[in-house]
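A short write-up of the structure that comes next.
The values are calculated or read from the model by the stated rules, or taken from the named source; none is laboratory data. Just so it is clear, the model here is predicted, and its values are computed rather than measured. Please note: Cβ atoms are built from the backbone with ideal geometry, for glycine as well, and neighbour counts cover all protein chains shown. Just the protein is used for accessible areas: all its heavy atoms, side chains included, with ligands, DNA and RNA removed. Shrake-Rupley method; radii C 1.70, N 1.55, O 1.52, S 1.80 Å.
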Amino acid sequence: MERPFIAKLANGMQLAFLENHRYPWVELLGVAKVGAINEDDEHDGLSHFLEHLLFKGTEKRRTDKLSEDVTAIGGMFNAMTDSSFTCYTIGIPPDKVLEGIEIHADQIQNSILPEEEVNRERSVVQEEIRISLDNPIRYNLERLLKLIFEKHPLRRTVLGSHDLIGSVPRDRIYDFYKNYYVPNNMAYIVVGDFRTEEIFPLLEENWSGLKPHEVKIPDLYESEQTQPRFKVIHGRIDQSVAGYGTRIPGINDPDYYALQVINSYLTSGKSSRLYQRLITEEKLAWRVFSYEECIAEDGYLAINALCGKDSDPLKVQSIMMEEIHRLKTTGPTDIELESVKNRVLAGKAHIEETYFMKAISLVEDFAKTGFRKEDEFGKRIRALNREQIIGAARTHLSLGHKANWSFYLPEESETIVPVLADKKLWDAQRHEKIVHELENGLRLVLIPDPSLNMVYSSMIALPGTAIENPLKAGITNLAFSSILQGTLSHPDGEFDSAAAAIGAEFNTNVSAEYHQVGGSVLPENIDRFVDLFYELVTEPAMTDSAIEVTRATVEKEIKAKHDFPMWYAFNKALEVLFGRKGYGLPNNGLIETVPGIASGEIREYLKDLLNPSEAVLVFAGDIEPDDLLKKVKARFGKLPSGKISERPVSEFATDRELLETREQFQTIIITLAPGVAKDHEDLPALTMVNEMLGGAMSARLFKNLRDKEGLAYAVHSMIVKHFGTGGFMAYIGTSPEKEEQALEGMFREITKPGSEGFTEDEFQQAKSYFDGRWKRMGENPSRVFSRDYVPLLFGHDKDFSEKFHQAVMKTSLKQVNEAAAKYLKRENLYTFTYQAIQPEDPEERINA
């Protein structure tokens, strides 16, 4: 990543400026070096609690005023807490940067932490802690960290102690704030479309008055581990979670770079060793991934497998140990190593594509190692050889006395004893969209943008999952997920290896109305990427074994959704609104249908889905349009046209309420209403209704149900938009004892605008917020492909999305209030309640 210009004020405050004029947007980030590692038992979770409280107002701007002022200038307001930092962000249009800096400085320096807001926010943070217990991944990781570290503060979770958050005095929080939010412990980072010389004086004016003082350095001591450690937990979950964890050195250690490659080699992509063993070969798991956290001198690596309920956890552990042992003895081949290095570098380039992620990378640099003059990551990764990989694995990946294992198993599973042995280019007008229609009907969109690090591509095509026979629900997902398992020319894991060798990755996605096959690649390898892309869509192997690997993964994923209440409830709510057909079918299928769909049916179904006359192929990045057009014509122009797909069922269900219960900590309530299709004239006004109800922290649902009444932790609303139909959805996460009150509060807030209307202030703030959010999305090319080019498939022109954006911005308050009255009537509302039945020992689990 390009390096920023760094300045330092007299009080020690560091300023980082990274100008980039390819897109009209600016990210402002204020960061303090304080997180979980700075805490002790009397301050456990205060960094995160304080993050919440710094949105509760200053003397100049009380609670609502702070968020309203940001929304009014089209800004996007957020914050995050990590092990080593707390960061406050505002994404904003360039012409509002000066206002954003002033608001930010007021928020971060002058928050007053009113007693009543502290007390109100306690329950919100406690609910966040409680809801984390419904996530088996997070729950198991927290237990694993306490095995890896007995004293080191990296063992602490960011969320902290449930009991302490409920009782810590306001003064202790305020002292913590004033101790760490001092200029010699802080930085301010600006990334995007701005001029340093224009904003430096304002930053100097806003931050020079802050007084420095000495900050306590955290004690990073950890005694040497001499025995392997393990923990087995049982709970009411529908999967098994297996975790391996070990302490690793920090960013300043020479082995840090080798460990990045090791991590990717074991867990990243379908060609990774653990994916191949646990998912493709043994069909024991549906997901393999890792968590890695490093500060300057210390860190940890946690490798995780999410497995089927009936998977043998000891077999999973044995395979993980075998692959780690193999890495320590023979290591990757030279070809494997080159592929993995490309994957690591491409991944970093992809992550740092947006202004926001560039800024977050700088936040991490500042907090963990200090701003560096050079980014040596790429050079260090490229220079690694097999001997260094093997040496780092032998040194840091213990399977003996430094190994740690944590297993979270279904309640009815037998207790296990783990084995413990050693073995402005993209701007408001964007680039010129060069659209070609090939003879077979395929529309090709080329967007040359040399400022992008990667070339992004996506084939977007009809149909989607909404045309499925409900008795075959999931067949689209099975078909497109299976093509990633290999091709006729590159069977099994060879295709993923071939992609990794050129710094490419491929993915598929299915939605209600369309499906996507896409990917990204380093620009110098675009020709080979087109060849692989064509190979993927024209000659997928679709072997029985490939389909069965996919089927086993999908089945486990569907079952595991019960363990993620919000995820499960969202899919169930669509069924409530649309019925169990058409738009109400979940994209990945139903557990009762996926096992019974024959491999032959899936292959035949896939043939009918590859129709170029119902597809758009998009490339964006550092490309030569003429050369790429010739290449694509030579390949994709050969695809024969197929039959036109049918259109989905677009009706609403008759039953308006559904209740399901499960033992969990938080009740999820989703309220829905029938809406309109993407090309309906009322959608711009209904979009603004959504923005004012639940689109931002200044919106009514968040402000009233969460902040004022304390009825919910998670609060949001959204428009469900298809070309065939649509809807409105609002959801909250609430504690069981507040369930009835929270539901009535939702009904009140959703229907109230229909009778009383929104105010002009709300309307203007929401319009600015929508505009800012729209612009921010436009910065990331891979995110806007479906937004901007799906309309082509439904007979609209290439400017349909921008015209919709303009229509929203031109909508009047009168039109918005009329839309609220028309669509959000009490008698129109549907509800899905995913009701929590409290575990028998909630406090024991919370304090485990």
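Filtered by the rule that a residue be open to solvent by less than 10 Å² (accessible area, probe 1.4 Å) and in contact with a helix residue (DSSP H, G or I) (Cβ under 6 Å, 6 or more places away or on another chain), the range 134-144 gives a lone residue, P136.
The requirement of being surrounded by fewer than 21 Cβ atoms within 10 Å (Cβ to Cβ) and aromatic (F, W, Y) is satisfied by F200. Can you pull out the residues in the range 502-517 that are aromatic (F, W, Y) and either surrounded by fewer than 23 Cβ atoms within 10 Å (Cβ to Cβ) or under 20 Å from F529 (Cβ atoms) (or both)? Selection gives F506 alone.
So for the range 361-375 (the condition being closer than 17 Å to I189 by Cα, of a type outside the set (D, E, K, R), more than 20 Å from the chain's Cα centre (by Cα) and crowded, with 21+ Cβ neighbours inside 10 Å), does at least one residue qualify? Among the residues of the range 361-375, at least one is closer than 17 Å to I189 by Cα, of a type outside the set (D, E, K, R), more than 20 Å from the chain's Cα centre (by Cα) and crowded, with 21+ Cβ neighbours inside 10 Å, which makes the answer yes. Somewhere in the range 791-798, is a residue under 15 Å from N690 (Cα atoms), in contact with a Phe, Trp or Tyr (Cβ under 9 Å, 6 or more places away or on another chain) and part of a helix (DSSP H, G or I)? For the range 791-798, residues under 15 Å from N690 (Cα atoms), in contact with a Phe, Trp or Tyr (Cβ under 9 Å, 6 or more places away or on another chain) and part of a helix (DSSP H, G or I): absent. Picking from residues in the range 162-175 that are open to solvent by 30 Å² or more (accessible area, probe 1.4 Å) and closer than 14 Å to D41 by Cβ, the one that is modelled with the highest pLDDT is R172. For the range 326-341, give me each residue that is of a type in the set (S, T, N, Q) and buried (at least 23 other Cβ atoms within 10 Å of the Cβ). Answer for the range 326-341, where residues must be of a type in the set (S, T, N, Q) and buried (at least 23 other Cβ atoms within 10 Å of the Cβ): just S339.
Based on this model, can you work out whether I732 counts as of a type in the set (A, V, I, L, M, F, W, C), within 30 Å of V790 (Cβ to Cβ) and either part of a helix (DSSP H, G or I) or out of contact with any strand residue (DSSP E or B) (no Cβ under 6 Å at 6 or more places or on another chain) (or both)? Full working, then the answer.
Values: of a type in the set (A, V, I, L, M, F, W, C): yes; within 30 Å of V790 (Cβ to Cβ): yes; either part of a helix (DSSP H, G or I) or out of contact with any strand residue (DSSP E or B) (no Cβ under 6 Å at 6 or more places or on another chain) (or both): no.
Judged against the criteria, I732 is not a match.
Between a first residue in the range 801-815 that is modelled with pLDDT of 95 or more and a second residue that is of a type in the set (A, V, I, L, M, F, W, C) and not in a helix (DSSP H, G or I), which pairs have beta carbons less than 8 Å apart while being 6 or more apart in sequence or on different chains? Qualifying pairs under 8 Å: L813/F758. Within the range 706-719, restricting attention to residues that are under 21 Å from W567 (Cβ atoms) and outside any strand (DSSP E or B), the residue that is most open to solvent (accessible area, probe 1.4 Å) is Y713.
Looking across the range 61-112, just one residue is touching a Pro at 6+ places or on another chain (Cβ under 7 Å) and open to solvent by 20 Å² or more (accessible area, probe 1.4 Å), and that is P94.
Residue count for the range 722-762, restricted to those that are farther than 18 Å from R826 by Cα, touching a helix residue (DSSP H, G or I) at 6+ places or on another chain (Cβ under 9 Å) and acidic (D, E): 3.
Within the range 236-256, the set of residues being over 30 Å from R372 (Cα atoms) and in contact with a Leu (Cβ under 7 Å, 6 or more places away or on another chain) comprises Q239, S240, V241, G243. A search for C-beta distances below 8 Å between a residue of the range 332-343 that is under 16 Å from A499 (Cβ atoms) and any residue that is outside any helix (DSSP H, G or I) and open to solvent by 70 Å² or more (accessible area, probe 1.4 Å), counting only pairs 6+ apart in sequence or on different chains, returns R343/E505.
Yes or no: the range 317-325 includes at least one residue that is crowded, with 18+ Cβ neighbours inside 10 Å and charged (D, E, K, R). Full working, then the answer.
As a first pass, look at the range 317-325 and keep what is crowded, with 18+ Cβ neighbours inside 10 Å: 317, 319-321, 323-324.
Cutting the leftovers down to charged (D, E, K, R) gives us 323.
Yes, the range 317-325 contains at least one residue that is crowded, with 18+ Cβ neighbours inside 10 Å and charged (D, E, K, R).
All of (1) closer than 21 Å to E116 by Cβ; (2) crowded, with 19+ Cβ neighbours inside 10 Å; (3) of a type outside the set (V, I, T) hold for H722 with one exception: (1).
Of the numbered criteria (1) at pLDDT below 90; (2) of a type in the set (A, V, I, L, M, F, W, C); (3) open to solvent by less than 10 Å² (accessible area, probe 1.4 Å), the one M688 fails is (1).
Residue-by-condition table, conditions (1) more than 30 Å from R22 (Cα to Cα); (2) surrounded by fewer than 15 Cβ atoms within 10 Å (Cβ to Cβ); (3) charged (D, E, K, R):
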residue	(1), (2), (3)
Y177	yes, no, no
V190	no, no, no
E214	yes, yes, yes
N252	yes, yes, no
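Do we find that A428 is modelled with pLDDT under 85, more than 19 Å from D626 (Cβ to Cβ), aliphatic (A, V, I, L, M) and within 31 Å of the chain's Cα centre (by Cα) in this structure? Spelling it out, A428 is indeed modelled with pLDDT under 85, more than 19 Å from D626 (Cβ to Cβ), aliphatic (A, V, I, L, M) and within 31 Å of the chain's Cα centre (by Cα). When the range 1-43 is filtered for residues that are among the charged types (D, E, K, R) and open to solvent by 30 Å² or more (accessible area, probe 1.4 Å), the ones remaining, listed by number, are E2, R3, K8, E19, K33, D40, D41, E42.
Can you pull out the residues in the range 357-381 that are part of a helix (DSSP H, G or I) and touching a helix residue (DSSP H, G or I) at 6+ places or on another chain (Cβ under 8 Å)?
First, the residues of the range 357-381 that are part of a helix (DSSP H, G or I): 357-368, 377-381.
The answer is M357, S361, F377, G378, R380, I381.
For the range 317-336, the set of residues classified as farther than 25 Å from L306 by Cα and modelled with pLDDT of 95 or more is empty. Among the residues of the range 433-487, those identified as within 22 Å of V554 (Cβ to Cβ), open to solvent by 10 Å² or more (accessible area, probe 1.4 Å), outside any loop (DSSP other than H, G, I, E, B) and of a type outside the set (V, I, T) are M459, P470, L471, K472, N477, S481, L484, Q485.
Condition first: among the hydroxyl-bearing types (S, T, Y), open to solvent by less than 30 Å² (accessible area, probe 1.4 Å) and outside any helix (DSSP H, G or I). Now tell me which residues in the range 594-644 satisfy that. Lay out the reasoning, then the answer.
If we filter the range 594-644 for residues that are among the hydroxyl-bearing types (S, T, Y), which is where we start, we get 599, 605, 613, 641.
Narrowing the set further to residues that are open to solvent by less than 30 Å² (accessible area, probe 1.4 Å) leaves 599.
None - no residue of the range 594-644 is among the hydroxyl-bearing types (S, T, Y), open to solvent by less than 30 Å² (accessible area, probe 1.4 Å) and outside any helix (DSSP H, G or I), so the list stays empty.
Okay, residues lined up against (1) touching a His at 6+ places or on another chain (Cβ under 9 Å); (2) open to solvent by less than 20 Å² (accessible area, probe 1.4 Å); (3) modelled with pLDDT of 95 or more; (4) of a type in the set (S, T, N, Q):
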{"site": "A392", "(1), (2), (3), (4)": "no, yes, yes, no"}
{"site": "A403", "(1), (2), (3), (4)": "no, yes, no, no"}
{"site": "S413", "(1), (2), (3), (4)": "yes, no, no, yes"}
{"site": "P418", "(1), (2), (3), (4)": "no, yes, no, no"}
{"site": "K423", "(1), (2), (3), (4)": "yes, no, no, no"}
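Of these, S398, S413, which one is under 29 Å from P218 (Cβ atoms) and among the hydroxyl-bearing types (S, T, Y)? Write out each step before concluding.
On the way: S413 fails: under 29 Å from P218 (Cβ atoms).
Answer to the check: S398.
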